[in-house]
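Structure, as structure tokens:
The values are calculated or read from the model by the stated rules, or taken from the named source; none is laboratory data. From a predicted model like this one, the values you see are computed outputs, not experimental measurements. As a convention, Cβ positions derive from the backbone with ideal geometry for all residues, glycine included, and neighbour counts pool all protein chains shown. Accessible surface is based on the protein model in full, side chains and every heavy atom, while ligands, DNA and RNA are left aside. Shrake-Rupley method; radii C 1.70, N 1.55, O 1.52, S 1.80 Å.
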Amino acid sequence: MIRLGIINSNYVTISRGTKKGTEIFSYILIRQLARLAKRYNLHITAFASGDSELPVKLVSVNYKSSMKDSDIGEWHHKTYELALLSKAFNMQHEFDLYHVNIGNGDSVLPFAPFVNKPILVTMHGSFLEENYNKKYLALFNNLKNVYFVSLSSAQRLPLPHLHYIDTIPHGIDSKRTWKFDAIGGEHMVWAGRAIKEKGINELPQIAKKAQRTLDVFPMLKSESPKWIKDLHEKKKRPLPFFSMYESINRHDLAGKYQKSKVCLFPINWEEPFGFVLIEALSCGTPVIAYARGSVPEIIEDGVTGFIVNPSPTEKKGDFIVKKTGVDGFVEAIDRMYAMPETEYRAMRKACRQKVEKCFTVQNMIKRYIETYKKVLDDWKRNNKARKIE
């Protein structure tokens, strides 16, 4: 039996309707592990907000998530997250292994020296503050009980010396939710957090230059650009070829991807992974994306979409599209719309096959269960060696 404690943030509620990437992962992971708990002899406890909807034993420090509790909110959520971590590690005698899904494990590492159990950290955080990450994580290089799982090879580049045990990409339910559509539609689509890192500021220019309608499904944030907030609040005139919709349930995006010609992903940072990419591909929708972060590991240039170099001074590879930046996106869009129908349908089929081969939830869960066993074996072996010394 593996007694597994899965530690999540209590910042937001973990449920089917969550829109935050890390908590989407946690919801998928915990539900799928619960289904397989009997087969693999797993005893699972989740640490999260008390209003989370999870099919396992739930431990919390507050019923509401921090963002739903007006006494906590954005200002105090970190202290409540620390309280949850303290509670989780105070129960270490009840677990064989912890699996942490909070950022890059930053808040967990100061507790780790006092925990006599292995801690597996899936790295969900960004490396936008690369110098900070290098300095901070270096403080804990000597910890023998902390293991890291990266989401992509690209994610490891800024911090190659961490104690990695595997790279496991995210997986999705391609059979029941993100279903395949062989034909697609005529509009382009974009979905995600409406922040500059996701390329939101380039979208109007791309759509206008390409002369193609772009359907945008933004999640507005406090840091979203003013122009898109004004557009949302009808304070600004509609933009040409730019159709903005209210934020919808994540699972309802499946229908939007299925009926789209292409998904745009003009990211402005080295994103370690993107659910949007594999959700679109699963529905058969090719992706056009900048060659940043994990994009070249997920998108096959000319096979499941097109990869574009961000600028003449930021070239990541010799791709089919030779222009860069916005002009490169427009060239890729023109290529997509100019494809013969048989060629385009073959690309949609290739998109689906890529997901079925690499990004299913079944494959992800299998890999995590194998990794749990690998961590426990390593921990026991090292403990035995330390006792002999």
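Read through the labelled values [x] 54; [y] 50; [z] 42 and report the label of the one computed as percent of Cα pairs over 30 Å apart from the structure.
[z]
Which of rounded, prolate, oblate describes region 1-124, given a ≥ b ≥ c as roots of the alpha-carbon gyration tensor eigenvalues and a/c under 1.5 marking rounded, otherwise prolate only if a/b is larger than b/c?
Oblate, because a/c is 1.5 or more while a/b does not exceed b/c.
Heavy-atom accessible area per residue, the chain, 1.4 Å probe: how many Å²?
46
Show me the chymotrypsin sites (Phe, Trp or Tyr not before Pro) within region 285-389 that DSSP assigns to loop and that have at most 14 other Cβ atoms within 10 Å of their Cβ.
none
Give the carbon-plus-sulfur fraction of the accessible surface of region 82-240 in %, rounded to a whole number; probe 1.4 Å, heavy atoms of protein chains only.
Carbon plus sulfur share of accessible area: 52 percent.
Taking amide H positions as placed 1.01 Å from N in the peptide plane, with prolines and chain starts having none, which residues 5 or more places from residue 146, or on another chain, fall under 5 Å of its amide H?
Residues meeting the amide H criterion: 119.
When you count, for each residue, the other Cβ atoms within 10 Å and take the mean per peptide, how do 98-106, 84-92 rank with the highest first?
Descending mean neighbour count gives 98-106, 84-92.
What is the count of Lys pairs in region 289-389 whose alpha carbons sit under 18 Å apart, if the two are 8 or more places apart or on different chains?
Step by step, the pairs that qualify in region 289-389 add up to 7.
Out of 316, 261, 135, any idea which swings most in a Gaussian network model of the chain, alpha carbons joined below 10 Å?
Maximum among the listed residues: 135.
Between rounded, prolate and oblate, where does region 180-220 land on the alpha carbon gyration tensor, with a ≥ b ≥ c its root eigenvalues, rounded for a/c under 1.5, else prolate if a/b exceeds b/c?
oblate
Tell me the relative contact order for the chain as a rounded percent, counting alpha carbon contacts under 8 Å between residues six or more apart.
14
Can you give me the C-alpha center-to-center distance between region 180-203 and region 267-303, rounded to a whole angstrom?
Result: 11 Å between the Cα centres.
Just how large is the dipole of the chain about the Cα centre, in debye to the nearest 20, putting +1 at every Lys and Arg Cβ and -1 at every Asp and Glu Cβ?
The dipole of the chain has a size of about 680 debye.
Would you calculate a helix-derived [θ] at 222 nm for the chain, using -39,500 (n - 2.57) for each DSSP H run of n ≥ 4 and dividing by the full residue count, to the nearest 500?
Rounded to the nearest 500, the figure is -11500 deg cm²/dmol.
Based on alpha-carbon centroids, what's the gap between region 349-383 and region 105-143 in Å, whole number please?
Taking the Cα centre of each part, region 349-383 and region 105-143 sit 22 Å apart.
What is the local net charge at residue 184, summed over the other residues whose Cβ is closer than 12 Å to its Cβ (Lys, Arg +1; Asp, Glu -1)?
Residues near residue 184 contribute +4 overall.
Between the DSSP loop rule and a limit of at most 15 other Cβ atoms within 10 Å, which chymotrypsin sites (Phe, Trp or Tyr not before Pro) in region 1-78 are left?
63
Based on the mean of other Cβ atoms within 10 Å per residue, sort peptides 153-159, 168-174, 263-269 so the most packed one is first.
263-269, 168-174, 153-159
Would you grab the residues whose amide H sits under 5 Å from the one on residue 306? Only those 5+ places off in sequence or on another chain, please, with H modelled 1.01 Å from N.
287, 288, 289
Take each of the peptides 51-57, 278-284, average the number of other beta-carbon atoms within 10 Å over its residues, and list them starting from the highest.
278-284, 51-57
So for region 161-281, taking the charge dipole from beta-carbon charges (+1 Lys/Arg, -1 Asp/Glu), which of 268, 219, 164 sits furthest toward the positive end?
219
List, in order, the whole-Hz ³J(HN,Hα) value for each residue of region 294-303 obtained from phi through the Karplus relation with A = 6.51, B = -1.76, C = 1.60 and θ = phi - 60°; use x for Gly and Pro.
Coupling constants for region 294-303: 7, 3, x, 7, 9, 9, 9, 4, x, 10 Hz.
Would you kindly derive the ³J(HN,Hα) couplings of region 54-59 from the backbone phi angles with the Karplus curve 6.51 cos²θ - 1.76 cosθ + 1.60 (θ = phi - 60°), listing them in order in whole Hz, with x for Gly and Pro?
Whole-Hz 3J(HN,Hα) from phi for region 54-59: 10, x, 9, 4, 10, 10.
How large is ³J(HN,Hα) for each residue in region 24-34, as worked out from phi by the Karplus curve 6.51 cos²θ - 1.76 cosθ + 1.60 (θ = phi - 60°), to whole Hz, x for Gly and Pro?
Karplus-based 3J(HN,Hα) across region 24-34 equals 4, 4, 4, 4, 4, 4, 5, 4, 5, 5, 4 Hz.
Answer rounded, prolate or oblate for region 296-389, using the Cα gyration tensor with square roots of eigenvalues a ≥ b ≥ c: rounded when a/c is under 1.5, else prolate when a/b is larger than b/c, else oblate.
Here region 296-389 falls in the oblate category.
With a point put 7 Å past each Cα toward its Cβ, work out how far residue 68 is from residue 380 in nm, to one decimal.
Here the modelled spin labels are 4.0 nm apart.
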